[in-house]
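The values are calculated or read from the model by the stated rules, or taken from the named source; none is laboratory data. Being a predicted model, the structure only gives us computed values, none of them experimental. A quick note on method: Cβ atoms are made from the backbone with ideal geometry, for glycine too, and the neighbour counts reach across all protein chains shown.
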């Protein structure tokens, strides 16, 4: 699947600014350190970032854009390479507070934080540059095949105009369950977030583990919704070896898409963007005490079937009365249970319920499974358990398994099946699990989910 779109601005690279700006060139990175003392006056047409994003959205193929000569886009810098977490790129948004649009500038210069500091107003001359999506991120740079490459240093001196204006950037408060592509590049804040207890207890660092390469990703959870997002940290950052904070609280940074447009990635400028001074919001465990063992008490991997109805004792029902139900899926010779409301044109409350599982002859039980989210446009899955099934899912009292993490998938592809954690169920006896999928099409959640390898392990008596 081709996931990079680009456009070329066919204007001469020889056009220079009609501006009387004097500057001295710094030997380290060739960009003036001494900027104007007064706001600059642009001799040309200034357009908003939203206009550039509109051009990108309207042109799906290689297209010559119709920007007038001496056209500039303006914005305020929200990214910083001071901590080494951003490299040869600037993110700008259209306002210091409550922005509506943002875009990336790919530029072949490092150590820019002294010149293009956070809050600095700049203008980017679009003549001769390219704009498009690079790994899902709206970008300005130089076209090279199917990528938006960096603007060379020499050209950047004429392409970027540094204003004297520096504003305080106020992070936009956003819920993790509200992430969408309109927020890409904006400086946002999560007000009550934390890292999973398992990562904190293991002393995991931001990006200094043996298997970390380039941008390391750490799951970050919301305490306000059943949502999560990946925190991206460069292995070249100066805080890579710091352990993840153990508390909960506020964190501010720039939202973008990860490489190949696989998922959302949240990046901070420095560790000072984190203020985890609140108590953690970990759920109370369903069962206290130790769990886990080498014996398999229950297992379902969905292999050998072509229809959910072939599973003995399982219940597959939609309480909204529609036709959407759980079914089997298969990829790369692996069968799993799947559900998706996309193109269904209905509201749904689809339940997949296991048969009764007797735990009276075992101990130390815990449940684990693999999950995948795809074409994600919101959280629609919950995993529940009961000891008192009435025969009707709507009249049964259910408890949510909060130790199982529902993944957040890419909005335009598949996230891949992976382990979703484990939940201690050692205090329960005769139980049923339910996988509940809620949403509506076309105006609600239609995220696709895959479930596989449901396992209860413990010690058989």
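Structure summary
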| item | result |
| --- | --- |
| Criterion (buried (at least 18 other Cβ atoms within 10 Å of the Cβ) and modelled with pLDDT of 95 or more) met by exactly one of 228, 252, 246, 291 | 252 |
| Count of residues meeting criterion [over 33 Å from the mean Cα position of the chain (by Cα) and not in a loop (DSSP other than H, G, I, E, B)] in the stretch 288-310 | 6 |
| Residues of the stretch 379-428 classified as at pLDDT below 90, surrounded by fewer than 17 Cβ atoms within 10 Å (Cβ to Cβ) and not in a loop (DSSP other than H, G, I, E, B), total | 3 |
| Enumeration of residues in the stretch 255-282 that are modelled with pLDDT of 95 or more, closer than 21 Å to residue 202 by Cβ and out of contact with any strand residue (DSSP E or B) (no Cβ under 6 Å at 6 or more places or on another chain) | 271, 279 |
| All positions within the stretch 167-179 that are assigned to a loop (DSSP other than H, G, I, E, B) and in contact with a strand residue (DSSP E or B) (Cβ under 9 Å, 6 or more places away or on another chain) | 167, 169, 170, 171, 174, 175, 179 |
| Only listed residue being out of contact with any helix residue (DSSP H, G or I) (no Cβ under 6 Å at 6 or more places or on another chain), outside any strand (DSSP E or B) and within 14 Å of residue 433 (Cβ to Cβ), chosen from 345, 322, 313 | 313 |
| Lone unmet requirement of (1) touching a residue at least 40 places away in the same chain (Cβ under 8 Å); (2) buried (at least 17 other Cβ atoms within 10 Å of the Cβ); (3) more than 14 Å from the chain's Cα centre (by Cα) for residue 203 | (2) |
| Positions within the stretch 102-144 being surrounded by fewer than 18 Cβ atoms within 10 Å (Cβ to Cβ), out of contact with any strand residue (DSSP E or B) (no Cβ under 7 Å at 6 or more places or on another chain) and more than 22 Å from residue 54 (Cα to Cα), in sequence order | 110, 111, 114 |
| Which listed residue, of 70, 94, is surrounded by fewer than 22 Cβ atoms within 10 Å (Cβ to Cβ), in contact with a helix residue (DSSP H, G or I) (Cβ under 7 Å, 6 or more places away or on another chain) and either at pLDDT below 50 or not assigned by TED's automatic domain parsing to the domain that holds residue 181 (or both) | 94 |
| Test: residue in the stretch 361-372 that is assigned by TED's automatic domain parsing to the domain that holds residue 419, part of a loop (DSSP other than H, G, I, E, B) and surrounded by fewer than 19 Cβ atoms within 10 Å (Cβ to Cβ) | yes |
